[in-house]
Every structure is written in structure tokens, then in C-alpha cells.
Amino acid sequence: MPTVYVTRRVHFNAAHRLHNPARSETWNQETFGLCNHPNWHGHNYVLEVTVAGEPNAETGFVLNLRDLKAILEQRILSKLDHKNLNLDVDFLQGIIPTTENLVVAIWRELEDALPAGRLYRIRLYETESNYVEYYGD
């Protein structure tokens with residue numbers, strides 16, 4: 001059977017501050033610029049999750065998109081949407097919430113949750129112009 005790639009796109013809004021507490025205020029301001037603002041800043045993120053696999057002979061699905069939608073809501077959106085990534089998200093505690101770190105953390109939240117297929121790619125848009133992709137370790 002051929003390998004097929006199925007992608008679900010979702011949106012969430014969140015605030016964060018890029019700041020390394022082990023470094024000086026000057027270093028943080030020079031390194032992170034406006035993203036180091038002490039009163040946070042926010043993004044309208046777009047998350048794409050791609051699952052790879054062979055279509056099931058009985059359903060034709062790699063993974064029922066209804067199931068993927070529910071998993072994303074439970075494991076990701078309910079924890080990230082309208083939250084402060086530095087303060088509110090259990091799986092981001094102690095992590096500087098860059099987009100790069102966020103895609104790895106999201107992967108880890110999803111990798112054992114799929115009832116079919118395998119996690120192939122996570123793409124996270126921080127802005128319309130900037131996105132990060134992760135394909136697992």
C-alpha cells in the first residue's frame with residue numbers, strides 16, 4: 001500500500017516572553033529584542049499536524065480526521081489557546097517558548113496519542129512569514 005500524508009490545520013492565540021533567566025537583562029534584550037518585553041506579547045499561531053500511513057482497507061482513511069481533531073483539541077488547543085506559554089502550559093514549564101521549542105513540545109504531546117498512522121511533521125506558523133517544522137528526533 002502507498003504511504004499517504006494527512007494534514008490537519010488548527011489555530012490558537014497565545015502570549016509569551018522570550019527570556020533566559022540564567023542570562024543578564026542586557027543579554028536577553030540584545031538576544032530577543034521586542035520578544036523579551038516584560039509584559040509579554042502574543043501571536044496568532046497556525047499549527048499543521050501531518051500524519052503518515054497506509055489507508056485502511058475498510059475505511060480508506062490513514063486516520064479519521066475527526067479523531068485527529070479531537071486529539072488536537074484535548075492535547076494541544078485546550079492547553080495553548082488564549083494562554084500565556086510561559087506561565088500556563090504544563091508541558092512548557094522551564095522551556096523558553098520559542099517556536100522551535102514549541103514544535104518539539106507539541107510533538108511530544110502528540111506522538112503517543114494517535115490511534116492510527118504515525119506522526120510525520122509538525123509545522124507551526126508564528127506569523128504569516130515565519131514558520132518552523134519538526135519531523136521528530
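The values are calculated or read from the model by the stated rules, or taken from the named source; none is laboratory data. Since we're looking at a predicted model, the values are computed, not measured. With ideal geometry, Cβ positions are generated from the backbone for all residues, glycine too; neighbour counts draw on all protein chains shown.
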Scan the stretch 27-40 and report the pairs whose first residue is free of Cβ contacts under 8 Å to residues at least 24 places away in the same chain and over 19 Å from Leu87 (Cα atoms) and whose second residue is of a type in the set (Val, Ile, Thr) and surrounded by 13 or more Cβ atoms within 10 Å (Cβ to Cβ), with Cβ atoms within less than 8 Å and a gap of 6+ or a chain change. none
Condition first: part of a loop (DSSP other than H, G, I, E, B), under 18 Å from Val49 (Cβ atoms) and of a type outside the set (Gly, Ala, Ser). Now tell me which residues in the stretch 86-125 satisfy that. Val89, Glu111, Asp112, Leu114, Pro115
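Every residue, every condition in (1) touching a strand residue (DSSP E or B) at 6+ places or on another chain (Cβ under 6 Å); (2) exposed (fewer than 15 other Cβ atoms within 10 Å of the Cβ); (3) at pLDDT 95 or above, yes or no:
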residue: Arg66; (1), (2), (3): no, yes, yes
residue: Glu73; (1), (2), (3): no, yes, yes
residue: Glu100; (1), (2), (3): yes, yes, yes
residue: Ile106; (1), (2), (3): yes, no, yes
residue: Asn130; (1), (2), (3): no, yes, yes
residue: Glu133; (1), (2), (3): yes, yes, yes
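Per-residue answers, yes or no, for (1) surrounded by 13 or more Cβ atoms within 10 Å (Cβ to Cβ); (2) small (Gly, Ala, Ser); (3) farther than 15 Å from Ala14 by Cα:
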position: Gly42; (1), (2), (3): no, yes, no
position: Val49; (1), (2), (3): yes, no, yes
position: Leu77; (1), (2), (3): yes, no, no
position: Leu110; (1), (2), (3): yes, no, yes
Quick check, is Tyr120 farther than 21 Å from Ala14 by Cβ, touching a residue at least 12 places away in the same chain (Cβ under 8 Å) and among the hydroxyl-bearing types (Ser, Thr, Tyr)? yes
So Phe61 ticks every box in (1) part of a helix (DSSP H, G or I); (2) of a type in the set (Phe, Trp, Tyr); (3) more than 21 Å from Val104 (Cα to Cα) but one. Which box is left unticked? (1)
Residues of the stretch 9-25 satisfying the condition of being of a type outside the set (A, V, I, L, M) and either in a loop (DSSP other than H, G, I, E, B) or surrounded by fewer than 17 Cβ atoms within 10 Å (Cβ to Cβ) (or both): Arg9, His11, Asn13, Arg17, His19, Asn20, Pro21, Arg23, Ser24, Glu25
